[in-house]
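First comes the structure, then the notes that go with it.
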Amino acid sequence: MRLENKVALISGGARGMGAEEAMLFAREGAKVVIGDVLTEEGRQTEARINETGAECLFVKLDVTSESDWHDAVAAAVSRFSKLDVLVNNAGISVPGGLEEFTEEMWDRTMDINSKGVFLGTREAIPAMKQAGGGSIINISSGAGIAPAPGTSAAYAASKGAVRIFTKATAVQYAADGIRCNSVHPGPVQTPMLRAARSGEQERAEQLARVPMGRVGKPIEIAYGVLYLASDESSFVTGSELVIDGGRTAQ
C-alpha cells in the first residue's frame, strides 16, 4: 500500500475531488481525516470509508477559520497520533466578469482559496515537524498558470497565489523534511464545475480548449495527489503537477 501508516488531512473532503482523494488514500492504507463545512455529506463520506474497514474521521472545517484549522489538526493528532499529509483541497469558483465583481465576492474567493491554504499549512507544519516530516499538497488550478477566457479573475488570482505560496513553503521547510507541491487540474467533472459552467455553449467552448476533448475525472486528479503524498515523490518539492488534458500546453 502506497500510504501505509500515514495520516492525512484533506480539506473540502466531503464531496467531489476531496472525497475521491480521501477514498483513494484510504484504499492505499492511510488513516484519513476529512474536513468540510458540508456536515451531512462529510458524514456520509466518513461512513462510506469506514464501512470498507479503513479509518476515517470527519471534522467540521471552515478553512477561513483559524480555530477550525487548529481543531482539525488537533483531532487528527489526537485520534491517529500524528499528521503526515495535508491536502489543501477546499476551494470555490464565483463566476463573473471583473467589472461585475464586488469587493465581497473578491474577498470570499481569496479567503477560501488562498487564505485557507495559508491557515491550513501554518497549522499543519508544527505537527509535521513532530512527525519527522510530511507532504503538503495544495490544489491550485490550470487557471493559476494560464486563465482561460471567461475564467473569473479572482479565481485565477487566488489560484496563482496558491502556486507561488507552495514554492515559498517548499523552500522554507525543505530542511525540516516537509515537502510542498501544487496540483493544477483542468476542467474536472465536479459540482463546482457544473455550477460554474452550467450552459451548453459554455461547456462546448471549454471542451474546445482541451486537446484531449473531454473533462477530467476526479480519480485522475486523485492519483496525482496520491503520488505527491507518497514516498514515491520523496525528491519532489516546490513542483507543479498539471493534470489538464493538455489545456495549458497550448
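Tabulated results
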{"quantity": "Amide H within-cut-off set for Val87, under 5 Å, with H built and near neighbours excluded", "calculated": "Leu9, Ile10, Ser11, Ile137"}
{"quantity": "Segment 135-250: translational diffusion in µm²/s, Stokes-Einstein, Kirkwood Rh over Cα pairs, 37 °C, 0.692 mPa s", "calculated": "223"}
{"quantity": "Over 21 Å (Cα to Cα) - which of Lys6/Lys129; Lys115/Lys217; Lys60/Lys82 fall in this group", "calculated": "Lys115/Lys217"}
{"quantity": "Rounded to the nearest 20 debye, dipole of segment 1-159 from Cβ charges on Lys, Arg, Asp, Glu", "calculated": "660"}
{"quantity": "Segment 59-118: trypsin sites (Lys or Arg not before Pro) falling in loop per DSSP and having at most 15 other Cβ within 10 Å", "calculated": "none"}
{"quantity": "Hits among aspartates and glutamates - C-alpha to C-alpha of Lys167 under 17 Å, sequence gap 8 or more where chains match", "calculated": "Asp176, Glu240"}
{"quantity": "Per-residue ³J(HN,Hα) for segment 239-250, Karplus 6.51 cos²θ - 1.76 cosθ + 1.60, θ = phi - 60°, Hz, x for Gly and Pro", "calculated": "9, 10, 9, 8, 10, 9, x, x, 4, 7, 7, 7"}
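No value in this document is a laboratory result; all are computed from the given coordinates. It should be emphasised that the depicted structure is a prediction, and the values quoted were computed from it without experimental measurement. We place every Cβ from the backbone using ideal geometry, glycine too, and count neighbours over all the protein chains shown.
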